[in-house]
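First up is the structure itself, then whatever we jot down about it.
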Amino acid sequence: MIAIFALAAALAGSAAAGEPVKNAKTIAQDVAAAVRHAAPKGWERMAYANGSDPVLRYSKNADEFIIKIYGGKDSAYATAAEFPAGTGGAKRRVAGREVEFFERRFPLAARDPHGASSPASPEGTETLGVLPLKGKRFAVVSWRRSSPAPDLEGAGEKAWGAFLKSIKP
């Protein structure tokens, strides 16, 4: 109950400060205006703001496709050069451009810090690329797989390829 009041107060505070509170539909429209794309069929959609940066995420099973828009006013990253993408990666053609994609790993479960012989935490993978947009704005397009098990049918990989082909800035 306290969390509900805290959320209401935070929303009221940001509206009172002159900042419009955007709903998920408006955020999704902001992302779609910057990066046109075809939503994967049968995937759940979630739109939210990470600070002032709009985010649109599609998820199905252990896979997520995420589009984040940066470079706007009060953005976490003012330019693409500031974004810590990584080094070295495979190039793929997206919207008629060669885009370098990087891979990161992330822990799926917390490891017991007190267990000296506890096994390493299983890891998921994230493949991401930085796509320049108009002006200083840019999109980070990523595919997160939150499972250490391989996708034996390749459904996530096929959907990712189709998703990338649909992108048009």
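Students sometimes get this wrong: rank His37, His114 by accessible area, probe 1.4 Å, all chains present, largest first.
His114, His37
Once phi is turned into ³J(HN,Hα) by the Karplus curve 6.51 cos²θ - 1.76 cosθ + 1.60 with θ = phi - 60°, what whole-Hz value does each residue of segment 31-37 show in order, with x for glycine and proline?
5, 5, 5, 7, 9, 6, 6
Report the calculated FRET efficiency for Glu157 and Ser52 (r = Cβ-Cβ distance, R0 = 30 Å), to the nearest 0.05.
0.40
Given points 7 Å out from each Cα along the Cα-Cβ axis, report the Arg93 to Ser147 separation in nanometres with one decimal.
The modelled label-to-label distance comes out at 3.1 nm.
Computing the accessible area with a 1.4 Å probe over protein heavy atoms, can you report the carbon and sulfur percentage for segment 24-169?
Carbon plus sulfur share of accessible area: 52 percent.
Of the options Ala80, Val99, Tyr70, report the single residue whose Cα projects farthest towards the positive end of the charge dipole of segment 56-106 (beta-carbon charges: Lys, Arg +1; Asp, Glu -1).
Value computed over the given set: Val99.
For segment 49-169, what is the accessible area per residue in Å², given a 1.4 Å probe and the full set of protein chains?
Accessible area per residue: 57 Å².
Checking a compactness column here: for segment 27-169, what do you get for Rg(Cα) / (2.2 N^0.38 Å), N being the number of residues?
It is 1.11.
Compare Leu108, Leu128, Leu152 by solvent-accessible area with a 1.4 Å probe and give them largest first, with all protein chains kept in place.
Ranking Leu108, Leu128, Leu152 by accessible area, largest first, yields Leu152, Leu108, Leu128.
Take the residue pairs Lys68/Lys168; Lys25/Lys165; Lys136/Lys168 and return only those whose Cα atoms are more than 20 Å apart.
Lys25/Lys165
Cα centroids of segment 54-107 and segment 114-169: how far apart, whole angstrom?
For segment 54-107 versus segment 114-169, the Cα centre distance is 9 Å.
The values are calculated or read from the model by the stated rules, or taken from the named source; none is laboratory data. Remember, predicted model here, so these are calculated numbers, not experimental data. Cβ: placed from backbone, ideal geometry, glycine included. Neighbour counts: every protein chain shown. What goes into the accessible areas is simple: the full protein's heavy atoms, side chains included, and nothing from ligands, DNA or RNA. Shrake-Rupley method; radii C 1.70, N 1.55, O 1.52, S 1.80 Å.
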